[in-house]
Structures are given as structure tokens and as C-alpha cells.
Amino acid sequence: MLDRRKKICVVVASRANLARITTVLEAVRDHPALELQVIAAASALLERFGCAVEVMEAAGFIPDAKVPFIIEGQTPAMMARSTGLGLLELPTAFERLEPDVVVTVADRFETIATAIAGAYMNIPVAHTQGGEVSGSIDESVRHAITKLSHIHFPATELSARRVIAMGEDPRYVFNVGCPSIDLAARARPGSRRDALIDHCGAGSPIDPEKPFLLVMQHGVTTEYGHGLDQMTATLRAISSIGMQALVFWPNVDAGSAEVATAIRRFREHALADRCQFFCHLPAEDFARLMIHCACMIGNSSAPLREGAFLGTPAVSVGTRQHDRECGPNVMFTAQDPGDIAEAVRAQLAHGRYQRSNLFGCGTAGRDIADVLATVTPPVQKRLHYDSAALLLTPDADPHAVGRAVGLDPAEA
């Protein structure tokens with residue numbers, strides 16, 4: 001037993017990371033058995049990607065280390081090189097801080113750099129949002145991180161079963177929900193008018209008395225080279241609908257420069273006089289806008305996760321969220337302006353949806369902190385099959401394996 005508080009080091013490497021881990025930072029900081037360490041890294045340090053470190057510091061989370069490791073370019077090669085640079089720089093911070101557990105978030109290249117560094121340094125790695133299915137390189141990265149991690153915090157029951165099916169020890173798999181739902185649950189909606197005035201400010205082209213669309217679309221790494229056409233299709237659909245919109249700039253992934261180019265061109269033409277553009281908003285402020293928007297459009301996971309809880313009508317465009325679990329609030333569509341516009345109009349006609357607790361009900365941060373305070377997994381991992389041991393036989397029936405670990409036959 002430790003005779004001191006357990007040191008929990010959370011690596012926040014992007015604006016999306018911050019939204020997905022804020023309530024864990026709060027709960028670890030406030031837990032009597034835990035000591036919070038924070039590393040701000042990668043695009044969380046960059047102004048043009050929202051400078052999430054400033055939001056962290058304003059909330060009282062002063063980083064114990066700042067680790068820049070983004071190499072400019074937003075190409076697949078640059079993502080690989082940035083991952084390598086993270087592997088060079090993060091171990092130095094870990095050596096100095098000597099954490100008992102490293103927490104890494106979701107499925108990005110920064111996340112896998114954190115997991116590799118922690119695992120090789122014999123530091124137990126805790127991973128959030130494992131076991132999910134999606135498009136792009138994210139799915140491969142997410143599952144690789146699962147195999148490097150020691151404590152798992154999947155956000156849904158099906159994701160938890162997938163993690164166990166990958167041979168992870170069920171004693172260290174905890175379905176706690178997604179911490180971003182915690183922020184959505186405590187968002188104070190107010191009125192649409194107040195939300196728009198608060199975030200758009202004086203001189204904005206946005207009319208606070210009228211409905212608005214919320215647009216967030218990122219590059220798809222496995223479809224690099226198509227980002228310009230993909231974002232242009234989404235913006236053309238929005239233009240054809242004729243509603244005002246809040247448009248967010250993309251993240252740092254490969255292809256983001258192409259997406260940004262499409263936005264810049266759109267800003268000079270089309271409906272730019274009825275749009276406002278944002279790099280970043282704090283998660284609770286963003287949740288307020290999700291509560292009041294008429295429809296959310298793009299390929300972010302936010303409308304599938306927070307949107308399910310908030311009942312936000314959403315159109316998920318293209319393959320980036322392919323096959324990810326979602327509530328009834330989401331319609332999926334191909335990357336075609338006509339298809340996108342048709343789906344948006346259908347969602348506008350439907351209106352808001354009932355709340356879904358698919359990704360949790362608002363207690364994930366506290367639950368994760370309680371687990372971290374009481375669970376100490378061995379650093380040496382083992383492949384665990386138990387009832388799914390028949391996977392090791394050459395004539396294994398995958399449907400029988402799926403039933404053994406609690407999966408639907410379609411998931412086996």
C-alpha cells in the first residue's frame with residue numbers, strides 16, 4: 001500500500017482531450033487519496049488550434065509540464081513524426097514527475113505516444129473511451145492503446161465488452177460513461193438568444209433571434225487528399241439550406257489544412273455573411289450551443305456523444321464516425337451536398353430528441369477518480385480469455401466466441 005497520495009498524471013494534448021477529461025481533472029484534484037499532475041502537450045499548446053492550455057489554466061489546472069510535439073504540415077507523415085517526437089519528449093516529463101498512473105484520452109496520435117511512453121517506463125496506463133468502433137485511423141490507434149493500457153474506462157457497455165473480448169482482464173475494465181457527458185449534464189442552457197449573444201458578441205453576423213446550425217468537420221486521415229472536396233460539399237449543403245451557422249475550424253489531424261482551405265474560401269463567398277467562425281470554445285459553452293442549435297453537422301464525435309445526452313439533432317457526414325454507437329438523434333449521410341442537405345432538412349423537421357444515457361449520465365469523472373484511488377493493476381499484462389478461450393483454437397466459431405464474452409453475433 002502507498003503511504004502517500006497516489007500521483008495521477010493526465011496528459012491533455014488537444015482541445016478535444018480537454019473536453020473529454022475535464023471532470024476527471026476536477027475529481028482527481030479533489031480526491032483525498034490522489035495527487036493530480038497535468039501535462040499540457042501537442043496542439044493543446046497552439047493558438048491556432050484553440051490553445052486549450054489557456055482554458056485549463058483559467059480553470060485552475062496549472063500544467064506541471066508543457067510538452068510541445070506537433071510538427072507542422074498536417075500530413076500523414078507529419079502525424080507519424082509528431083508521434084515520434086512525443087515519444088522523445090514525454091518520457092522526460094514522466095521521469096521528472098514520477099507518476100503512479102498515466103491517464104491517456106481516446107484515440108489520437110498524441111494518445112498512443114502517451115501510452116507507449118508510459119508502458120515502456122513501467123507506469124500503469126489508464127485509458128478512456130476504449131472499445132469503440134469508428135472510421136479513419138482512429139479505430140486502429142484506439143485498439144492499439146487498449147493493448148498497451150492497464151486500466152480501462154470505456155464509455156458504454158458494448159465498448160466494455162469489446163475491450164474484454166480483446167483479452168483484457170475484466171477486473172480492470174470499468175464502464176463509467178464518458179466524462180464529456182458530465183460537462184453536458186451541468187451546462188446551464190439559458191435561452192438561445194443569451195447563448196448566441198454571449199458567444200458571438202457585438203457586431204456578429206449571427207441574429208440571436210433566429211435558429212442556427214452548428215458545423216464541425218475534421219480531416220479524415222485515411223482519406224487524406226480529399227479534405228477540400230469533403231468540406232466544400234458540407235459547406236455547399238449549408239449554403240443551399242440558407243440558415244445562419246456557427247462554423248468551427250478543424251483539429252490538427254492530417255488533412256486539416258485542406259478543410260481549413262475550404263472554410264477560408266467559403267468565408268469569402270456563399271453564406272459567409274450569415275456565419276461566424278470559431279477556433280475553440282470551453283466545453284460547457286459548446287454544450288450550451290449544442291442545446292440550442294437546430295442541427296449539428298460534420299464528422300465530430302460530439303453530436304454522437306454529448307448530442308445523444310442533449311437530444312441535439314445531428315447529421316454525421318462521411319466515414320469518420322462509421323459504425324460508432326450513437327443515439328437516435330444522429331442521421332448518417334454520404335459526403336454529397338444533396339444528401340447532406342436532405343438529411344439536415346429531415347432533422348430540422350424532426351426537432352429535438354429525447355435524452356439518451358448511452359454514454360453515461362454525468363458521473364464519469366468522479367467514478368474514474370474513485371477507481372484510480374483503489375485499483376493498482378500489475379505492470380506485467382497477460383492475455384485474458386477465460387470463457388472466450390476457444391478463440392485460441394484454430395476451428396473457433398466466432399459467433400460462439402462472441403456469445404461467450406457477451407457480444408451480439410453481429411459484433412463477434
Seminar exercise, completed: To the nearest 10 degrees, the tilt of helix 109-120 (Cα long axis) against the first principal axis of the alpha carbons of the chain is 10
Exercise. Regarding region 193-287, what whole-number volume in Å³ per residue does the convex hull of its Cα atoms give?
Worked result: 95
Problem set entry | Whole-Hz ³J(HN,Hα) from phi, Karplus 6.51 cos²θ - 1.76 cosθ + 1.60, for region 173-188, glycine and proline x | 10, 10, 7, 10, x, 9, x, 5, 5, 4, 5, 4, 5, 9, 5, 9
Exercise. Between residue 376 and residue 62, what length in nm is gained on full extension when 0.36 nm per residue of separation is reduced by their alpha carbon distance?
Worked result: 110.4 nm
Exercise. Tell me, in nm to one decimal, what length is gained between residue 277 and residue 322 on full extension, where the rule is 0.36 nm per residue of separation less the Cα-Cα distance?
Worked result: 13.6 nm
Problem set entry | Förster radius 60 Å - calculated FRET efficiency between residue 342 and residue 4 (Cβ-Cβ, nearest 0.05) | 0.50
Seminar exercise, completed: Normalised Cα Rg of region 1-116, dividing by 2.2 N^0.38 Å with N its residue count, works out at 1.04
For this session: Starting from the amide H of residue 360, placed 1.01 Å from N in the peptide plane, find each other amide H under 5 Å away whose residue is 5 or more places distant or on another chain.
Result: 178
Exercise. In terms of modelled amide H atoms, which long-range or inter-chain residues lie less than 5 Å from the amide H of residue 315?
Worked result: 296, 297, 298, 331
Seminar exercise, completed: Close lysine pairs (the chain; alpha-carbon distance under 24 Å; 8 or more apart or on separate chains) counted at 7
Problem set entry | Distance between modelled label sites at residue 354 and residue 95, nm, 7 Å Cα→Cβ extension | 5.7
Exercise. Counting pairs of alpha carbon atoms under 8 Å apart in space and at least six apart in sequence, what relative contact order in percent does the chain give?
Worked result: 17
For this session: Using label points projected 7 Å from each Cα along Cα→Cβ, tell me how many nm separate residue 240 and residue 81, to one decimal.
Result: 4.0
Exercise. Under Stokes-Einstein, with the Kirkwood radius over Cα pairs standing in for Rh, what whole-number D in µm²/s applies to region 128-184 at 37 °C and 0.692 mPa s?
Worked result: 290
Seminar exercise, completed: Expected unfolding gain across residue 157-residue 261 under the 0.36 nm per residue rule, minus the alpha-carbon gap, is 33.5 nm
For this session: For every helix of n ≥ 4 consecutive DSSP H residues, a contribution of -39,500 (n - 2.57) applies; sum these over the chain, divide by its total residues, and give [θ] at 222 nm rounded to the nearest 500 deg cm²/dmol.
Result: -13000 deg cm²/dmol
For this session: Arrange the peptides 10-18, 373-381, 353-361, 162-170 so that the one whose residues have, on average, the most other Cβ atoms within 10 Å appears first.
Result: 10-18, 162-170, 353-361, 373-381
Exercise. So, with +1 on the Cβ of K and R and -1 on the Cβ of D and E, and no other charges, what is the size of the charge dipole of the chain about its Cα centre, to the nearest 20 debye?
Worked result: 460
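FYI, it's all coordinate maths here, none of it is from the lab. Remember, it's a predicted structure, so these values are computed and weren't measured experimentally. With ideal geometry, Cβ positions are generated from the backbone for all residues, glycine too; neighbour counts draw on all protein chains shown.
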